[in-house]
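**Student:** Quick one: this structure, given as structure tokens, is what I'll be asking you about.
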Amino acid sequence: MTRTIRRHGLVATVTGDGPPLLLIHGLGSSRRVWRPITERLSESFTTIAVDLRGHGDSDWLDPAPEELHPAEHAAFLKPLIDDFSDGAINVAGNSMGGWIGLEIAANGWAASLTALCPAGLEFDPWVSRSDILVLRRRMSQVLGPLMPPATELVGKTPFLRDLLIGDATANFSTLDTQVLGDAATAMRQARGFYSSHDGMLHTLFDRALEISHEVPVSIVWGTQDELLPPERQRRVAGPPHAKWIVLDECAHVPMWDQPRRTVQIITDAAQAGIISAA
């Protein structure tokens, strides 16, 4: 059974039956980015795909903050975590969502963590806004509702494909156009885009040693990720016990390019957490 819930200013899609698994999207995205794998995950978990504050259908803040750090996004998720668990929940996050997942784990709120191409682990922090991401945001606003129907044209035009979504997927031709339309809509609707982006500037994740060794952590990278290339990541920035996994034929969104492998990695981390807690 699938249902949509609105709690604590957040909107989430809940599917399946089993241990709870919180799915956290990246900057300018939405809960719908997980669609390629939620059906498989829901065979083993109760998946909670959430829209972060200022993204998707969730509420934004008034007044809007100039910066919203991943740790603050994590704090906004805590009431939802408590609704579905005894205080610790399985977590999977992509990009900024991976950084938020690391913050959740450092706070002691994660039973397991799979961080997919997470932000915050590079050698040097971003010092200015990403030209690529800002361009996508502006184009999504200019084109507005034309974006979702135009995804098929984008897929057939190499220049547009690389410009709009080139770093996100290595296998554009195999991706459902509905997923791409969802991505375009999410970017256009993301009122918290700039605040969340600026909250990641001049800073990195620096709480690795606060993550318990009893919490299984898998950190996943794609060999074709141009936004956060694996060779630019500091392994020492992650918890010492973390598994580092590099996927071939994979860009910045592993659940699009390697859905079966991504499901297996998330499942393995969660099962390891169950064993550790026993």
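The values are calculated or read from the model by the stated rules, or taken from the named source; none is laboratory data. These figures come from a predicted structure and were not determined experimentally. Ideal geometry is used to build each Cβ from the backbone, glycine not excepted, and the neighbour counts take in all protein chains shown.
**Student:** Which one is modelled with the lowest pLDDT among residues in region 11-32 that are touching a Lys or Arg at 6+ places or on another chain (Cβ under 7 Å) and farther than 14 Å from F84 by Cα?
**Tutor:** Selected residue: G28.
**Student:** Related question: Only one residue in V220, V215, V263 is of a type in the set (V, I, T), assigned to a loop (DSSP other than H, G, I, E, B) and either in contact (Cβ under 8 Å) with a residue 40 or more places away in the chain or farther than 30 Å from I132 by Cα (or both). Which one?
**Tutor:** V215
**Student:** Quick check on L143: is it aliphatic (A, V, I, L, M), modelled with pLDDT under 90 and surrounded by fewer than 17 Cβ atoms within 10 Å (Cβ to Cβ)?
**Tutor:** Working: aliphatic (A, V, I, L, M): yes; modelled with pLDDT under 90: yes; surrounded by fewer than 17 Cβ atoms within 10 Å (Cβ to Cβ): yes.
Here the answer is yes, as L143 does meet what is asked.
**Student:** Quickly run through region 61-78 and pick out the residues that are closer than 17 Å to L21 by Cβ and surrounded by fewer than 17 Cβ atoms within 10 Å (Cβ to Cβ).
**Tutor:** Answer for region 61-78, where residues must be closer than 17 Å to L21 by Cβ and surrounded by fewer than 17 Cβ atoms within 10 Å (Cβ to Cβ): just K78.
**Student:** Listed residues D206, D225; which is out of contact with any helix residue (DSSP H, G or I) (no Cβ under 6 Å at 6 or more places or on another chain), outside any helix (DSSP H, G or I), surrounded by 15 or more Cβ atoms within 10 Å (Cβ to Cβ) and acidic (D, E)?
**Tutor:** D225
**Student:** Looking at region 120-135, is at least one residue crowded, with 18+ Cβ neighbours inside 10 Å and at pLDDT 95 or above?
**Tutor:** Looking for residues that are crowded, with 18+ Cβ neighbours inside 10 Å and at pLDDT 95 or above, one finds at least one in region 120-135, hence yes.
**Student:** Okay, next question. Any residue in region 32-44 that is over 17 Å from A269 (Cβ atoms) sitting within a Cβ distance under 8 Å of a residue that is assigned to a helix (DSSP H, G or I) and not hydrophobic (A, V, I, L, M, F, W, C)? List the pairs, counting only those 6 or more apart or interchain.
**Tutor:** Between residues of region 32-44 that are over 17 Å from A269 (Cβ atoms) and residues that are assigned to a helix (DSSP H, G or I) and not hydrophobic (A, V, I, L, M, F, W, C), the close pairs are R32/D182; V33/D182; R35/Q178; R35/D182; P36/P259.
**Student:** Do we have any residue at all in region 38-60 that's within 24 Å of P240 (Cα to Cα) and crowded, with 24+ Cβ neighbours inside 10 Å?
**Tutor:** Narrowing region 38-60 to residues within 24 Å of P240 (Cα to Cα): none.
Looking for residues that are within 24 Å of P240 (Cα to Cα) and crowded, with 24+ Cβ neighbours inside 10 Å, one finds none in region 38-60, hence no.
**Student:** So, G87, is that one modelled with pLDDT under 95, among the small types (G, A, S) and touching a helix residue (DSSP H, G or I) at 6+ places or on another chain (Cβ under 8 Å) or not?
**Tutor:** Values: modelled with pLDDT under 95: yes; among the small types (G, A, S): yes; touching a helix residue (DSSP H, G or I) at 6+ places or on another chain (Cβ under 8 Å): yes.
Here the answer is yes, as G87 does meet what is asked.
**Student:** Counting only residues that are modelled with pLDDT of 95 or more and crowded, with 19+ Cβ neighbours inside 10 Å, how many does region 163-203 have?
**Tutor:** Qualifying residue count for the region: 9.
**Student:** Separate question: Test each condition in (1) out of contact with any Leu (no Cβ under 6 Å at 6 or more places or on another chain); (2) in contact (Cβ under 8 Å) with a residue 24 or more places away in the chain for A237 and report the one that comes out false.
**Tutor:** A237 satisfies all of (1) out of contact with any Leu (no Cβ under 6 Å at 6 or more places or on another chain); (2) in contact (Cβ under 8 Å) with a residue 24 or more places away in the chain except (1).
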